[in-house]
Structure formats: structure tokens, C-alpha cells
Amino acid sequence: MALSFYSLQASAIEISNRYRSPRNPERSVRKATTLIILHTTEAPERSSLNKLSERGEAHYCVTPSGRIFAIVDRDREAYHAGRSMWNAKEDVDKFSIGIECVGYHNEPMGIVQLKAIASLVDMLKKMYGLSDEAVICHSHVAYGAPNKWQKRRHRGRKRCGMLFATTSVRNILDLSSKPRVDPDTRAGRLVVGDPYLRNVLYGKMDIMASHYPSKKQPAKSTSAKAPSAKKSPVKKPKAANVAETKNTNVKSTYKISAHKSSPKTLNDLKAQGYKCRGTVAKGKTAMMIVGSKWKSSSTYYVIRGKVTSGSSINPLRIEEGTAIWTK
């Protein structure tokens, strides 16, 4: 089966329809979209995609290689959450988008896959006007019926996707905030059925911290560990360079950079040493051209003659024919 792609006017994200579910026509259109739910498939890629497609159990699936597959149309209901509740509202499928990520709830994912998830989440957040706190995982919303172990309805039926609640992973996904409490256990609608899971979702336990060091950790470790080792390879060469160029090249360099404005035109880009790295086209996204630098302030997009920096670009405006410039 040939692959087909659509760009949602953005071309920044490549999404394949290869596993589009045959269940699409029978699914109702959602009346609201207030949550993005991240799942882990708990199974290998091929079997996961086949099952998701056959049953229509997600809107998207992201593979370890960073490929994104559309399963159910994003404005329709996908049966991904099962028995679920969030803030007193049951049947979360009716007001959420479900993203399945090939992997396991307690195992780290590769950076390529996480960056693809981040791009997809960012696009959907902008489409539906959602905050970072609206991006949660399946284990946040799933709940269990009373049974021989739990006499009341309880949170903790699944640990699916719980790594996406950790600070270290959310940093990679560019999510700066998350829910601090479970609104349903706090209100007494549910009881805690899995204290370990609650600690991962809302406590200080970061089960992924050793795999994805936070941005603050390197700074702490470099100042605390072996200062002499730091000074020899890094500081000494810098000191020598400053001594050699004091009052000459160093000062003049700072004067030039201080007065250099951000490029506003194509001629500015050329004059300041930027080079065109490629042009967005069908099957060729911004991320494919410049990788994680696609949102950098040092990356520039030329869209119909207008120059826009990567830090301020709206992904929905990155259309086919957009040229990407970096140094």
C-alpha cells in the first residue's frame, strides 16, 4: 500500500495515512477537545499499528523512528481511553485526542521518538488552544470498577504512559507544567488504588531521571565535581585567547555583534552568513531538513519573501516552498 501524507497547511510535520482505520466512517465527531492523552502501546511496532488501525483505538501513533501515523480522524472519537474519568467527566474519549507511542510505560524512549511526539503535541495544542496541563497520560484518566481487591471505584487501573508524567520526559516534550493533583480522588469520586502510580504522577518520583538528565543537573554537577578538571580543558584556553586578543579582536567582535540586528530580508540572511539548507516540500519537513534546530532562534524561514525566526514561527504557517536558512 502506498504511503500518503498530509500537512495541515504546515509541512513541518509529516503524517502518514498508511494505517488509517476503516472505523473512521462509523465514529462520531467530538463536540469538544479539552485533553491530549499520551499512551504507551506495551507492544512492538507492527502489531501495535495493526491493532490500532483495525479497532480505531487512537488518533495517532508515533514509532521509535519518529514516524507519525494517522489512525482515526482527529475530530472524531477514537476508542483509546476505555473506562475513564477526568474532573468528574466520564468517557474521556468524547473530549480528548489519543496518541499511542510505541513503547512501554516504564522504559525510556529514544530522543527521535520523543521529539516527534513533542512536535505532534505542539501542533495539536495550537490547533485546539490547549495548555501544557491538558497534555496527560492514560494512567491519569483510567479508573477501575470495584473488585475483590478494591471495594470502591479507584484510580490505578492502568500505568499506561506514566513516563509522560515525569519531569525529565516533559522537559524533552517542551511541557512546562502538569496537573499537581488528581481532581477525582481529591473530590472523593475515586480512591487511590495504586500508591506507586500516584507518586509517579503527582509526587517527586521521576522514574526517567537517570535516562534523561534535567537541564539543571549538568550545571550542578560541573560546579560540584572536580573543579580542577574543569579549569584545565575549558578555562585555560579561554584565558589564553583573551590575553592574546585583549583590546583588539575581542572588543571589536563584541561591537559588531552588539549592533548586528536580526535579519529581516533575504539579503540580510546572505550578508550575515546564513545559508539555505533546503526547501519544505511534500515528504520533506522542516525537522527533516534541520532536525531539532527547526524551532531555534538561529534558524530562519523565508515564506513568500518574509523572514521569520524559528523561535517565533507558527508551525501551521510552514507551507510547501518555505526555505530554511541557518549558519
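The values are calculated or read from the model by the stated rules, or taken from the named source; none is laboratory data. The model shown is predicted, which means the values in this text are computed figures rather than measured ones. Using ideal geometry, Cβ is built from the backbone for each residue, glycine included, and neighbour counts are taken over all protein chains shown.
Quick look at the values:
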| quantity | calculated |
| --- | --- |
| Given (1) more than 30 Å from TRP294 (Cα to Cα); (2) at pLDDT 95 or above, number of the condition MET1 does not satisfy | (2) |
| Candidates SER176, SER131, SER119, SER168 - the one that is crowded, with 21+ Cβ neighbours inside 10 Å, among the polar types (S, T, N, Q) and assigned by TED's automatic domain parsing to the domain that holds VAL29 | SER119 |
| Inter-residue pairs, beta-carbon under 9 Å, first exposed (fewer than 14 other Cβ atoms within 10 Å of the Cβ) and in region 253-282, second modelled with pLDDT under 85 and of a type in the set (A, V, I, L, M, F, W, C), 6+ apart | LYS282/PHE5 |
| Elements of type helices (runs of 4 or more DSSP H) contained in region 105-212, each with 2 or more residues being farther than 18 Å from THR34 by Cβ | 111-128, 167-172, 183-186, 195-202 |
| Of all residues making up region 283-318, the number that are crowded, with 19+ Cβ neighbours inside 10 Å, under 23 Å from ILE68 (Cα atoms) and hydroxyl-bearing (Ser, Thr, Tyr) | 1 |
| Selection count, region 37-83, where residues are within 14 Å of PHE95 (Cβ to Cβ), surrounded by fewer than 24 Cβ atoms within 10 Å (Cβ to Cβ) and touching a Leu at 6+ places or on another chain (Cβ under 9 Å) | 1 |
| Pair list, Cβ < 9 Å and 6+ apart or interchain, from region 287-301 residues that are of a type in the set (S, T, N, Q) to residues that are surrounded by fewer than 14 Cβ atoms within 10 Å (Cβ to Cβ) | SER292/ILE111; SER296/SER311; SER297/SER262; SER297/SER311; SER297/SER312; SER298/SER311; SER298/LYS327; THR299/SER311 |
| Residue ranges of helices (runs of 4 or more DSSP H) in region 225-327 with at least 1 members modelled with pLDDT of 85 or more and touching a Ser or Thr at 6+ places or on another chain (Cβ under 9 Å) | 266-271, 286-290 |
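So that you can scan it fast, the table gives a plain yes or no per residue for (1) on the phi > 0 side of the Ramachandran plot; (2) over 24 Å from the mean Cα position of the chain (by Cα); (3) not assigned by TED's automatic domain parsing to the domain that holds SER119:
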| site | (1), (2), (3) |
| --- | --- |
| SER28 | no, yes, no |
| ALA32 | no, no, no |
| THR40 | no, no, no |
| LEU49 | no, no, no |
| LEU52 | no, no, no |
| ARG55 | no, yes, no |
| GLY66 | yes, no, no |
